[in-house]
Amino acid sequence: MRTDVHAHLWSEEYLRLLDSYGRDDTGTARGLGAGDGEAELGTRFAMNDAAGIEHQILSVSPQTPYFPDETHAVTAARLANDHYAEVVRAWPERFSAFAALPLPHLDASLKELTRALDELGMAGAGVTTSVLGRSLGDPLFAPVLEELDRRGSVLSLHPAGRDAGTPLIAENRMRWMVGAPMEDTICAMHLMLEGIPSRYPRLRIVHSHLGGALPMLLPRADEHIPWEAPDIPELPTVAARRMYYDTVAHGHEPALRAAAESFGPDRLMLGTDFPYQTGAGLRRAVTFIEETLMPEAAEEVLEAGAGLLPQGRDREGGQRV
């Protein structure tokens, strides 16, 4: 089943709640065709059908429920997850979802993760590359990674849209064109430098946008390790192949080739970044894979995301017997 692992859907109720808690960027999620209205969903399904995409795994990132106030974070996360559960129940053949977590509040996040996976049937957790400025490699987040690893579950990563913490991006109109792939790159390196891919071998980590600049940097990173980070358990070229990467590259074939050669095509999964790629762009998100990779590898990439779906669900959303 051709499954898109990088797609978004937001309810207006959820975005208004984030606004009320002080989020300043929800406007980037509005007016794009990523709502839950009947007309918007019908248009989405028609575009997916035209592109040959059978299923999407949804995430609210980067509109995540991260707030210093725990009550705000929990309220927003529960609203997001309950909404996704309703959407998946209504359209099980079309959608699955990654759970939102009320980070950085660990006890609350573990409680919500358990509810989302056990009661709501979600495919894993969707988080951003940093949480209120903290790296995912921070030991603070280890309990969440441990629980996902224990379950053999999925951690889907998406840029936070916070300029990789640098004013050189924030003040120069590059938040998404440059800042986002830099956040992907930095997050992947943080996880590898902390030894997370080898420490949690059952955890399936999925990075956005081919891992940012990671395919171009791995040999350089290997050569710098002895004097910059000599204590890491394995070289980046090894650690990188323990993780997965979606194919959002805006149809850029050289980028896809670099990722396939750096990680192996078996580490790649179809991603579209819907609604930021629609129409012809959505179709290109599929065809550039078919045109860049050998046919068998291309089909493997296009269908790999189906392996992330909650255990026991078939393509019609029912239970396997």
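The values are calculated or read from the model by the stated rules, or taken from the named source; none is laboratory data. From a predicted model like this one, the values you see are computed outputs, not experimental measurements. Quick reminder, even Gly has a Cβ in these numbers, built from the backbone with ideal geometry, and neighbours come from all protein chains shown. We work out accessible area using only protein heavy atoms, side chains counted, and drop any ligands, DNA or RNA first. Shrake-Rupley method; radii C 1.70, N 1.55, O 1.52, S 1.80 Å.
Can you work out the accessible area per residue across the chain, with the rest of the protein chains kept in place, probe 1.4 Å, in square angstrom? Walk me through the intermediate numbers first.
On the way: 13650 Å² over 321 residues.
With the other protein chains kept in place, the chain gives 43 Å² per residue.
Mind grabbing the accessible area of Ser156 for me, 1.4 Å probe, Å², rounded to tens?
10
Using the per-residue mean of other Cβ atoms lying within 10 Å as a proxy for protection, in what order, highest first, do the peptides 266-272, 3-9 fall?
Working: 266-272: 24.0, 3-9: 26.1.
Averaged packing, sorted descending, gives the order 3-9, 266-272.
Find how many whole Å separate the alpha carbon centroid of region 272-289 from the alpha carbon centroid of region 117-167.
That distance is 25 Å.
Suppose a student asked you for the relative contact order of region 89-201, using Cα pairs under 8 Å spaced at least 6 residues apart; what percent would you report? Please report the intermediate quantities before stating the final value.
Values: 132 pairs, mean separation 26.8, N = 113.
About 24 percent, as a whole number.
Can you give me the C-alpha center-to-center distance between region 175-243 and region 1-15, rounded to a whole angstrom?
When both Cα centres are located, 26 Å separates them.
Under a point-charge model restricted to the Cβ atoms of Lys and Arg (+1) and Asp and Glu (-1), what is the dipole moment magnitude of region 147-246 relative to its Cα centre, in debye to the nearest 20? Mind dumping the intermediate values first?
On the way: 11 positive and 13 negative charges, 84 e Å.
Charge dipole of region 147-246: 400 debye, to the nearest 20.
Lys/Arg Cβ at +1, Asp/Glu Cβ at -1, dipole of region 242-311 taken about the Cα centre: which of Phe263, Phe274, Leu308 is farthest positive-ward?
Phe274
Kindly provide the GluC sites (Glu not before Pro) of region 214-290 that DSSP labels as loop, not H, G, I, E or B, and whose Cβ sees at most 16 other Cβ atoms within 10 Å. Kindly include the intermediate steps, with their values, before the conclusion.
On the way: sites: Glu223, Glu228, Glu234, Glu261, Glu290; in loops: Glu234.
Those that pass, being in a loop and sparsely packed, are Glu234.
Once you charge only the Cβ atoms, +1 for Lys and Arg and -1 for Asp and Glu, what is the size of the charge dipole of the chain about its Cα centre, to the nearest 20 debye? Could the numbers behind the result be given before it?
Values: 29 positive and 47 negative charges, 21 e Å.
Charge dipole of the chain: 100 debye, to the nearest 20.
Please go through region 130-210 and write out the trypsin sites (Lys or Arg not before Pro) that DSSP classes as loop and that have at most 12 other C-beta atoms within 10 Å. List each step's numbers first, then the result.
Values: sites: Arg134, Arg150, Arg151, Arg162, Arg173, Arg175, Arg199, Arg202, Arg204; in loops: Arg162, Arg173, Arg202.
Within region 130-210, the qualifying trypsin sites (Lys or Arg not before Pro) (loop, at most 12 other Cβ atoms within 10 Å) are Arg173, Arg202.
Please list 45-56, 82-93 highest first by mean number of surrounding beta-carbon atoms within 10 Å per residue. Each step should come with its number before you reach the end.
Values: 45-56: 18.7, 82-93: 17.1.
Descending packing order for the listed peptides: 45-56, 82-93.
For the chain, what's the relative contact order in percent, using C-alpha pairs closer than 8 Å and at least 6 residues apart? The partial results should precede the final answer.
Details: 586 pairs, mean separation 61.4, N = 321.
Once divided by the residue count of the chain, the mean separation gives 19 percent.
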